[in-house]
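Here is the structure we will look at.
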Amino acid sequence: MRKLVTGTLMALMMALPVHADKQTNQDDFYEQLDLLMRIFERVRSEYVDEVDDKEVIEAAIQGMLRSLDPHSTYLNPDVYQQVRVQMEGEYGGLGIEVQMENGVVKVVSPIDDTPADKAGIQGGDFITHIDGNAVMGKTLTEAVKTMRGPVGSPIVVTVVREGADAPFDVEIVREKIMVRSVRHRIEDQTIGYIRVTTFNMQTGEGVEDAIASIVDELGPSLDGVILDLRNNPGGLLDEAIRVSDAFLDRGEIVSTRGRRRQNNNRWYATTGDLLDGVPVVVLTNAYSASASEIVAGALQDHRRAVVVGDKTFGKGTVQSEIRLGRSGDRAIRLTTARYFTPSGRSIQERGVEPDIQVLFPRPKGQTGNPRREADLTGHIQNDQDSLDMTGEEDIALEAEVTDAQVLEDVESGKQPVDVQLRYAIKLLKDMSSLPKSQVAEVRQPAGQD
């Protein structure tokens, strides 16, 4: 009996400090909340000008999230709606690319076969009024929001055009506009070129369609495909996985790891490489970020593609969108996980290093380097030790391509040359002359069966 009582007392004594610490932490938490509310009340009652309660609270929320890292943020209803349009890749609108100039909306160009194009809107037109309301004084975001609306609804824009005697009204009926994130063409007669500008809900299908079109057009004469991810800020994780899967036949594409078990996931390629082993070059630069880095890292690790260009941005974290409010018209975007390439690399801060570094000639007078994730205040640090990548064969050595071959076009004074694109074309042309067994051997995935 004495042993039992003694054991019970010892257990209680050991538990007391833990309970006390927990209670102290909880007290501190409520004290901080009380402090926040007291400061808020002082701002409401004593600030020199009357404040908008809603704006002050939103600013407090935004400040809390941004103190965590640069990518966690609050999306109020207006911003959330814009994000939805960007991610879904479609909206009810006119179909024009616009910018703000001298306080009014300037049409950069109408998108082919859209309501604006059919109504005769031209590049260079100025839109001064929307449904009779002046654009002057509005931001570009506000003007664009006004021009968008339900599919089938009419809108009247007042246009000022160079050469026209007076402003005139144009009535346009809104239609569903698709945000085109993928474009493709043929380069140098035998090279397919696919440009991906963002990863929205249309991107995966767009890349698959582009590959099918290139294969149909070139058939056996196809020497290679260039996947251009330069200046691509990223987007949806699912679409990055689908794009990677289009080029891979097997193996892991990406994994994510977070504090909660639900954020720990792995994604794998499905059987079937849509290009059936045709060589691929991925173009990247300092502004290729997030989803772009997932694709570049996956194809690089599997030796499925050669990455050419500049080191990528280095955003190796995943943000989850958490809807808030009864109507779900607002949300927070919260960093919930890090992602890792198939070899286990975390590219947070570090980016994806190109297999072949090819930089654009720096304009005269330009100094300094592009800002990357590592330069952002409050960024999440990479706590992973550097991986040993020695012993991996560099396909560039097999291709025997030199910078001089490309840069001579620049020095000759011809039209401005896309140095990285020209390099990629030459690389794929040289790779096409290699024996298939040699190319296949170079591309064998590291650490894969």
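Just so it is clear, none of the values below were taken in a lab; they were calculated from the coordinates. Because the structure is predicted, anything quoted here is derived from the model rather than measured. Quick reminder, even Gly has a Cβ in these numbers, built from the backbone with ideal geometry, and neighbours come from all protein chains shown.
Rounded to the nearest Hz, the phi-derived 3J(HN,Hα) couplings of the range 91-107 under the Karplus curve 6.51 cos²θ - 1.76 cosθ + 1.60 (θ = phi - 60°) are 6, x, x, 9, x, 9, 9, 10, 8, 8, 8, 6, x, 10, 7, 9, 7, where x marks glycine and proline. In this structure, the amide hydrogen of H129, modeled 1.01 Å from its nitrogen in the peptide plane, lies closer than 5 angstrom to those of V135, T158, counting only residues at least 5 positions away or on a different chain.
Once backbone amide H atoms are built at 1.01 Å from N, V307 has V282, D355, I356 as its partners under 5 Å, excluding neighbours fewer than 5 places away on the same chain. Peptides 327-334, 300-307 ordered by packing proxy, namely the average of other Cβ atoms within 10 Å per residue, highest first: 300-307, 327-334.
Cβ crowding within 10 Å ranks E252, E205 as E205, E252, fewest other Cβ atoms first. Judged by the mean number of other Cβ atoms found within 10 Å, the most tightly packed of the peptides 157-167, 27-37, 142-152 leads the ranking 142-152, 157-167, 27-37.
Here the range 180-235 and the range 64-79 have alpha carbon centers that stand 33 Å from each other. Stretching the chain fully between Q189 and R44 yields a gain of 45.4 nm (0.36 nm per residue, less the alpha carbon separation). Using alpha carbons only, the radius of gyration of the range 185-311 set against its Kirkwood radius gives Rg/Rh = 0.97.
Taking the inverse of the mean reciprocal distance over all distinct Cα pairs, the Kirkwood hydrodynamic radius of the range 90-178 comes to 12.8 Å. Between amide H atoms placed 1.01 Å from N, distances below 5 Å from G89 occur with M201, all of them 5 or more places distant or on a separate chain.
Computed over the range 242-285, the percent of Cα pairs more than 11 Å apart is 70.
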